[in-house]
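Each value in this text was obtained by applying a stated rule to the coordinates, not by laboratory testing. If you're wondering where the values come from, they're calculated on a predicted model, not measured in any experiment. Cβ: placed from backbone, ideal geometry, glycine included. Neighbour counts: every protein chain shown.
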């Protein structure tokens, strides 16, 4: 899976050229609007280069949100492009709030909502990453909305950053860690959404940085698709991910963004990205076969 | 503090009239754009009615986000309006992500960022609510950005929803609960940002639904401003909030949204909202005196 985390200061040179030559883009635009146009062009180029090697694309919402309304418009454009290519869209927003606000977030990402102003279209993603700190009743409205729209969620369970240990690895009095408790919640809320493949519509984000832990989390969530960040710059190697694939080839989704997008520089960006994506694909399929 | 959680299906009637009569708003606009115009008008009317009774305004980002780019533009407008009225803006986004993405979120909310496209302006809020599940290294970039811009954070510590018990109330093997661990983290990262008043720039969201717990959290975070949702529809009464105010009048920020905005109906909306806001203000100041 390709992660799209576009940084206005590190876009592919070709994206800048496209925006500079855009007859509609002039000095009247704000810096955020110009940056958002360039970000959209960059994402399109990256998708052109690597989409054949991916099954899913994960835009990091923070990277669009920092460009304001223009960034949000660019995000909608990128999501439409990903869908047109027949790929799965996983919005990486790590949202989480009390029930009424969780319903509002659900409306932002899944399906459409009737309103006095007409039908409000969401971004129409296939899945959203969510934060479970607020508990089951904060997840239910999102699960319901995703499920009604044929989509799903990925619940943070054990993230790949060093600081994850501060809270997620804490031992609970009743046994296990905060992470294993979160894994049980993931398993529980996904039980009603297990498809013919044996996989549930509620998956988990499980950092690919400790094979032992990954095995325990897999045991606690036998039906969950595991979204595995942490390849490349964050440190994990492919072999450490094998436990994710025990339920089958679709049991794990390895995510890489910078390792692919910045595999090359200058005019070699696209070719190097395609090669890096292909190498990662072969490595991941190799784990299962 | 006024919470702004605008629901396109429950806007003040006057907001709908304003948008219907807008010469620039026509049928060419999408439902989301029309809804976003009405949401902005509604928020302006609510602010006109109650801003004199508030010290801060807390827009719920989910309610704007569900309207896409147009909603994000409305949010920017509402935030500018709140600032023009001299009130503190607390963006209720409950964001939280690994370091590089946390930096991107920080750019969305605090200060301005240099880029090859010029200076990218953030929403320019005074504070943001954040989710600490990813640990200290996920909070640091946000604290740094807020502090550099003279702003602050409110870290989720014990939320007001029933489901909060699922994770936040879990007992840890080493003593205390997940919430008290989060409170220690809040206290720790706020230590470098304690101002002349004795209050830190890192506060906590602590649901106003259990006075015993509130007292323990206050003890763990003697310098934190406590953001207290849960008044009104969520169930807490004002008296239960007294422990929040031990460090002084600014030690607690009681948040109410629906209890104020929907205090009356029809043409009585504005008057009833002003009265409800004033009643709440008197109750809260009464706790301290």
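Taking the stretch A:2-288, how much of its Cα-Cα pair set, in percent, is spaced more than 26 angstrom apart?
44
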So what is the calculated 222 nm ellipticity per residue for chain A, using -39500 (n - 2.57) for each DSSP H run with n of 4 or more, over all residues, to the nearest 500 deg cm²/dmol?
-13000 deg cm²/dmol
Put a point 7 Å out from Cα along the line to Cβ at residue B:258; what are the distances to that point in the other copies, in nm, shortest first?
4.2
FRET efficiency for residue B:10 and residue B:184, Cβ-Cβ distance as r, R0 = 41 Å, nearest 0.05?
0.55
Here the correct list, in nm and shortest first, of distances from residue B:44 to the same site in the other copies, label points 7 Å along Cα→Cβ, is 3.4
Can you give the Rg to Rh ratio of the stretch B:1-92, both from alpha-carbon atoms, with Rh computed by the Kirkwood formula?
0.96
Helix B:178-190 versus the longest principal axis of chain B: what is the Cα-based angle in degrees, 0 to 90, to the nearest 10?
80
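Taking every residue in A:175-185, how many Cβ atoms of other protein chains lie within 10 Å of its Cβ, on average?
Mean inter-chain Cβ contacts per residue within 10 Å come to 2.
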Relative contact order [Cα under 8 Å, 6+ residues apart], the stretch B:93-255, whole percent
17
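Mean separation of Cα pairs under 8 Å and 6+ residues apart, divided by the residue count of chain A: what relative contact order is that in percent?
In percent, rounded to a whole number, it is 16.
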Partner chain Cβ atoms within 10 Å, averaged over the residues of B:3-11 - can you pull that number for me?
3
Distribution of pairwise C-alpha distances over the stretch A:122-209, 5 Å bins, in %:
3, 14, 25, 23, 17, 11, 6, 1, 0
Determine the shielding of peptide A:69-78 by partner chains: average, over its residues, the number of Cβ atoms on other chains within 10 angstrom of each Cβ.
4
Cα-based Rg/(2.2 N^0.38 Å) for the stretch B:61-134, rounded to two decimals, is 1.13
Relative to the other copies, what are the label-point distances for residue A:198, with labels 7 Å from Cα along the C-beta vector, expressed in nm at one decimal and sorted shortest first?
6.2
Ordering of A:71-80, A:152-161, B:10-19 by burial proxy (mean other Cβ atoms within 10 Å per residue, highest first):
A:152-161, A:71-80, B:10-19
Chain A: angle of helix A:211-220 to the longest principal axis, Cα-based, in degrees nearest 10
70
Translational diffusion coefficient (Stokes-Einstein; Kirkwood radius from C-alpha pairs) of the stretch B:114-154 at 20 °C, 1.002 mPa s, in µm²/s:
189
Give, in whole angstrom and from largest to smallest, the semi-axes √(5λ) of the equivalent ellipsoid of the protein assembly as shown, with λ running over the eigenvalues of the Cα gyration tensor.
36, 30, 22
Regarding the stretch B:162-289, what is the average projected area of its C-alpha convex hull, in nm²?
8.7
Show log10 I(q)/I(0) for the stretch B:93-255 at q = 0.13, 0.14 Å⁻¹, two decimals, from a solvent-free Debye sum over equal Cα scatterers.
-0.59, -0.68
